[in-house]
Each structure stands twice: as C-alpha cells, then as structure tokens.
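Chemist: First the structure, then my questions, so here it is.
The values are calculated or read from the model by the stated rules, or taken from the named source; none is laboratory data. Note that the coordinates shown come from a computational prediction; the quantities given were computed from them, not determined experimentally. All Cβ positions, even for glycine, are placed from backbone atoms using ideal geometry, and neighbour counts span all protein chains on display. Note: accessible area is taken over every heavy atom of the protein model, side chains too, but ligands, DNA and RNA are not part of it. Shrake-Rupley method; radii C 1.70, N 1.55, O 1.52, S 1.80 Å.
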Amino acid sequence: MADNSVDYSALMRQALDGDAQAYATLLNETSRLLRPYLVKRLFSGNEVDDVLQEILISIHKARHTYDGTRPYKPWAYAIAKFRLHDHLRSHYSDNLHDAEDIDALENSLPENVTKNEFLYESISGEVEKLPEKQATILRMMHQEGYTAKEVAEKIGMKESAVKVAAHRAYKVLREKLER
Amino acid sequence: MENIEQLVATLSKDVTPVKSAPHPYVLSLKWLAIASAYLIVSFAFSGFRPDLANAMQNPWFVAELVLLFVLFITTAIAAAVLSFPDMHQKRNMAYGPLWVAGLFVLMILFAWLADSPSTPLPMHSLACTVSIILFSLPPFVATFYALRKLASTHLRLSSSIAVLFALSTGAIWERLHEQNDSIIHVIEWHYLPILACSVLGLWLGKKLLKW
C-alpha cells in the first residue's frame with residue numbers, strides 16, 4: 001500500500017532540482033501508489049509490470065510539466081490512465097486480430113497441435129529466429145515442459161491463442177526445415 | 001518487480017535539474033501575443049476592409065467579431081491547459097472553447113435569421129477558405145511545435161482545439177480584411193470549413209502529439 005505520509009510534491013520538487021535520491025524515492029513510491037490501480041484493471045502480473053514501466057518512463061519524460069505547486073497524485077494518475085488506455089487499446093486490437101485468426105483456424109487445428117514430435121534441442125537455433133512471442137511459447141512448451149494451458153496462464157494469453165501461435169510456429173519451422 | 005527496481009535505478013541515476021514548463025496562462029499569453037503580432041503585421045500589409053466603419057454599425061458583425069476574439073483567447077488557453085497531463089488541474093478552462101463555440105453557433109444562427117432580405121453573395125467562394133487556411137498555417141505550425149514539447153494526455157481534443165486556435169486567427173483576419181456582408185457566404189466558406197478542419201484536428205492529434 002502507498003504510504004499516505006509521503007510528500008510526493010516535495011520529492012518531485014527536489015527531483016526537478018537534480019536530486020537523484022529524491023527522484024528514486026519518488027519513482028518507487030509512485031510505483032507503490034499505482035500498482036493496486038493497475039492490478040484491478042489488468043489480467044496478469046507481467047502486464048502490470050509492463051504498464052508500470054511504461055508509466056514510470058512517461059513520468060520521467062513529462063516531469064517538466066509538473067511544477068511542484070499543485071497536487072502530484074492527479075498528475076501521476078492522469079499519466080497512468082493515459083498509458084493504461086494505450087495498453088488496453090493495443091491489447092484488445094491484438095486480441096481482435098488473434099480472434100479472427102482463431103475463428104479461421106480453430107476447426108482445422110489437429111487434436112495434437114502441441115504434441116512434441118521432435119527434439120527441441122535439434123531445432124532451438126531455428127526457434128530463436130521466430131518472432132519473440134512464438135519463440136517464448138515453444139521454449140516454454142518444449143524446453144520447460146509446460147502445457148499450452150499453463151503457458152497461457154503464465155504469459156496472459158488465451159489457451160486457444162497459444163495453440164494457434166504454436167501451430168503457426170510449427171508451420172514456419174516445418175517450411176524452414178524442409179528446405 | 002526486479003525490472004521496476006532496475007528501471008527506477010536507471011532513470012534516477014543520471015537525473016539532471018529540469019526547468020518546469022511555463023504555467024499554461026503564461027504559455028497561452030505568449031501564443032496570443034505572437035498570433036496578435038502576426039495579425040497586426042498582416043493588416044499592415046493587407047489593410048482592413050474599406051467599409052469597416054460601416055460594417056461596425058451592424059450589431060451582428062460586432063457580435064461575430066467579439067465572439068471570434070473570445071474564441072481566439074479561450075482556444076489558446078484551452079490548448080495550453082490541455083498540453084499538461086493533468087490539464088494543470090483546470091478542467092473547466094480546457095472545455096471553455098466548447099461553450100464559446102456553442103454561443104458562436106447560436107449567434108450565427110440569429111444573424112442568419114436577421115439577414116432578411118439576404119445580402120447578395122460575393123463573386124468569390126472557395127478563395128476565402130483557402131485564404132483562411134493559408135493564413136492559419138504559421139500559427140498552426142508554431143502551436144503544434146510548442147504542444148509537442150509538452151505532454152498532453154488528451155491528444156485528440158488538444159489537437160482539435162489547437163487547430164481551432166490557429167483557424168480563429170485566420171478567421172479574424174479574413175473577416176476584417178474581406179469586404180463582404182453575406183452571412184450565408186460566411187457560414188458556407190468560412191465557418192463550416194473551420195468546423196471541418198477542427199474535426200480533422202481530432203485525427204491529427206493521434207499522429208502529431210503522440211509521446
């Protein structure tokens with residue numbers, strides 16, 4: 001929980017004067033202040049951390065727009081809300097994109113879409129060349145032994161989306177290996 | 001959590017003193033002063049409409065000019081306020097131009113009803129729209145340049161209001177320069193294009209003011 005006794009405005013004034021210690025304290029306190037706000041609105045811990053990082057970077061970029069004479073919290077929350085909406089907008093547009101693909105693919109997916117039919121080590125070089133999301137999914141499923149459901153929970157995606165991403169990755173790998 | 005700690009360490013490590021952005025009122029005064037100087041210099045070259053003294057006898061023309069100036073001032077203040085993430089905690093100022101614009105529309109409507117029999121339309125048409133837009137380009141560029149240095153969290157509204165500020169400069173110049181009393185012409189070729197450009201400004205904000 002955020003400490004009510006923290007004087008954010010004073011810390012920001014000191015930070016604007018170049019006090020690194022005050023700035024670090026301010027950013028830490030701000031992340032403590034904003035974390036519960038994000039936890040309520042986001043789905044996974046990773047997402048909360050990602051958005052919180054975005055917000056702290058934005059606070060850093062916009063710190064010249066705070067003069068220390070007005071309350072700090074509305075200023076910080078305005079930035080947090082702005083970045084959160086940005087994130088949700090891109091998240092939902094990604095999901096929508098995936099959803100269309102899932103509709104198209106779901107019926108044609110084989111039952112054993114995630115079944116391990118190869119030695120991961122033998123193709124790990126090719127896996128690393130895949131887009132980051134696909135590489136992460138294959139690594140988790142075939143190197144670390146997670147099921148598609150567990151991967152979905154860990155990276156905050158739907159199970160069907162994980163399966164589709166894995167299916168696409170296999171297709172790319174198959175094409176590469178058959179060449 | 002580790003990432004957050006690392007990020008905080010990185011951001012705070014090389015922090016240097018930062019000069020705070022000017023208060024939005026100071027910022028808007030600066031913009032108004034520059035735009036006014038631009039108007040004065042332009043009138044020095046182009047001159048006022050020859051029948052300005054006569055036109056000032058028409059209360060609707062005076063009301064239109066007064067509201068245009070009020071719009072010019074309130075849009076400058078609102079654009080400055082909106083360029084701060086928290087609107088400098090002056091929410092009412094940010095939405096001020098919407099009230100003025102509403103009043104302006106009402107006034108134009110009454111002026112139109114009062115224009116009976118209708119004043120003859122001038123020979124030109126699109127030339128006015130083009131003049132207003134071209135005249136408004138320098139204030140548009142200068143305002144957006146200033147806005148990009150700040151951090152608006154209302155990109156669309158901020159941009160639309162800034163466009164309205166620039167175009168109100170152009171509209172003032174056109175009304176005081178062009179010899180025309182037809183309210184229909186003014187609605188059709190001055191104010192409707194300004195409204196359209198302000199709507200375009202909503203889209204422009206996402207492109208130009210992103211940070």
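Chemist: Per residue, how big is the convex hull of segment B:32-134 when only Cα atoms are used? Give it in Å³. Don't skip to the end; give the middle numbers.
Modeler: Details: hull volume 14.0 nm³, N = 103.
It comes to 136 Å³ per residue, whole-number rounded.
Chemist: Now for a different question. Keeping the other protein chains in place, figure out the carbon and sulfur percent of the accessible area of the protein assembly as shown, with a 1.4 Å probe.
Modeler: Values: 12440 of 20620 Å².
Answer for the protein assembly as shown is 60 percent, counting heavy atoms of protein chains only.
Chemist: List the residues of segment B:69-100 whose backbone N lies under 17 Å from a point placed 7 Å from the Cα of B:Lys30 along the Cα-to-Cβ direction.
Modeler: B:76-85, B:88
Chemist: All other residues with a Cβ under 14 Å from the Cβ of B:Met93 taken together, and with Lys, Arg as +1 and Asp, Glu as -1, what is their net charge? Mind dumping the intermediate values first?
Modeler: Values: positive: A:Arg70, B:Lys90, B:Arg91; negative: B:Asp86.
Overall, the nearby charge balance is +2.
Chemist: Quantify how strongly other chains surround peptide B:84-92 by giving the mean number of their Cβ atoms within 10 Å of each of its Cβ atoms.
Modeler: Working: counts 7, 14, 14, 3, 7, 5, 1, 0, 0.
Per residue, the average neighbour count from other chains is 6.
Chemist: With a probe of 1.4 Å, find how much accessible area segment A:120-178 has per residue, and write the answer as a whole number in Å². Present the calculation step by step, with values, prior to reporting the outcome.
Modeler: Numbers: 3330 Å² over 59 residues.
For segment A:120-178, the solvent-accessible area averages 56 Å² per residue.
Chemist: Given charges of +1 on the Cβ of Lys and Arg and -1 on the Cβ of Asp and Glu, with all other atoms neutral, how large is the dipole of the protein assembly as shown about its Cα centre, in debye to the nearest 20?
Modeler: 660 debye
Chemist: Identify, among B:Leu68, B:Ile133, B:Ser160, the residue whose Cα sits farthest towards the positive end of the charge dipole of chain B, taking +1 on the Cβ of Lys and Arg and -1 on the Cβ of Asp and Glu, with the dipole about the Cα centre.
Modeler: B:Ser160
Chemist: I've got another one for you. Report the label-to-label distance for B:Leu208 and B:Glu5 in nanometres (one decimal), using points 7 Å from each Cα along the Cα→Cβ vector.
Modeler: 4.5 nm
Chemist: What accessible area per residue comes out for segment A:8-97, rounded to a whole number of Å², with a 1.4 Å probe? Each step should come with its number before you reach the end.
Modeler: Details: 3990 Å² over 90 residues.
Averaged over the residues of segment A:8-97, the accessible area is 44 Å².
Chemist: If you average the C-alpha positions of segment A:132-151 and of segment B:59-115 separately, how far apart do those two centres end up, in angstrom?
Modeler: For segment A:132-151 versus segment B:59-115, the Cα centre distance is 57 Å.
Chemist: Can you tell me the FRET efficiency between B:Leu65 and A:His85 if r is taken as the Cβ-Cβ distance and R0 is 45 Å, rounded to the nearest 0.05? Let's see the in-between values first.
Modeler: Values: r = 40 Å, r/R0 = 0.89.
For B:Leu65 and A:His85, the calculated efficiency is 0.65.
Chemist: While we're here: Under the definition of Cα pairs under 8 Å and six or more residues apart, what whole-number percent is the relative contact order of segment A:120-178? Could you put the intermediate results ahead of the total?
Modeler: Working: 36 pairs, mean separation 18.2, N = 59.
It rounds to 31 percent for segment A:120-178.
Chemist: If you average the sequence gap of Cα pairs under 8 Å that are 6 or more apart and divide by the length of chain B, what percent do you get for the contact order? Walk me through the intermediate numbers first.
Modeler: Numbers: 228 pairs, mean separation 57.8, N = 211.
RCO, chain B: 27 percent.
Chemist: How would A:Ile55, B:Ile73, A:Ile155 line up by accessible area, probe 1.4 Å, largest first? Write down the numbers at each step before the final one.
Modeler: Values: A:Ile55 0, B:Ile73 80, A:Ile155 50 Å².
Accessible-area ranking of A:Ile55, B:Ile73, A:Ile155, largest first: B:Ile73, A:Ile155, A:Ile55.
Chemist: Also: So, in nm, how far is label B:Glu188 from label B:Tyr95 when the simple model puts each one 7 Å beyond its Cα toward the Cβ?
Modeler: Calculated label separation equals 3.6 nm.
Chemist: Next question. Please report the projected area of the protein assembly as shown's Cα convex hull averaged over all directions, in nm².
Modeler: Mean projected area for the protein assembly as shown: 27.6 nm², to one decimal.
Chemist: How high is the FRET efficiency between B:Trp112 and B:Thr16 when r is their beta carbon distance and R₀ equals 35 Å, given to the nearest 0.05?
Modeler: Details: r = 57 Å, r/R0 = 1.64.
That gives a FRET efficiency of 0.05.
Chemist: Nearest 100 Å² is fine: what is the total accessible surface buried where chains A and B meet, probe 1.4 Å?
Modeler: Counting protein atoms only, the buried area is about 2700 Å².
Chemist: Other chains near A:25-32: what is the mean number of their Cβ atoms within 10 Å of each residue's Cβ?
Modeler: 3
Chemist: When ligands, DNA and RNA are left out and all protein chains stay put, how many square angstrom of accessible area per residue does segment B:74-196 have with a 1.4 Å probe? Walk me through the numbers on the way to the answer.
Modeler: Working: 5350 Å² over 123 residues.
I get 44 Å² per residue for segment B:74-196.
Chemist: What does the helix-only formula give at 222 nm for chain B: each DSSP H stretch with n ≥ 4 adding -39500 (n - 2.57), the total divided by the residues, and the result rounded to the nearest 500 deg cm²/dmol?
Modeler: -24500 deg cm²/dmol
Chemist: Further question on the same structure: Hey, what did segment B:135-211 get for relative contact order, percent, Cα under 8 Å, at least 6 apart? All intermediate terms of the calculation are to be shown ahead of the outcome.
Modeler: On the way: 66 pairs, mean separation 39.9, N = 77.
About 52 percent, as a whole number.
Chemist: Can you give the FRET efficiency to the nearest 0.05 for A:Val172 and B:Ala142, using r as the Cβ-Cβ distance and R₀ = 45 Å? Present the calculation step by step, with values, prior to reporting the outcome.
Modeler: Working: r = 50 Å, r/R0 = 1.11.
The formula returns an efficiency of 0.35 here.
Chemist: Sticking with this one: Mind checking the dipole of chain B: about its Cα centre, +1 per Lys or Arg Cβ, -1 per Asp or Glu Cβ, Debye to the nearest 20? Can you show the working numbers first?
Modeler: Details: 13 positive and 11 negative charges, 135 e Å.
The calculated dipole for chain B is roughly 640 debye.
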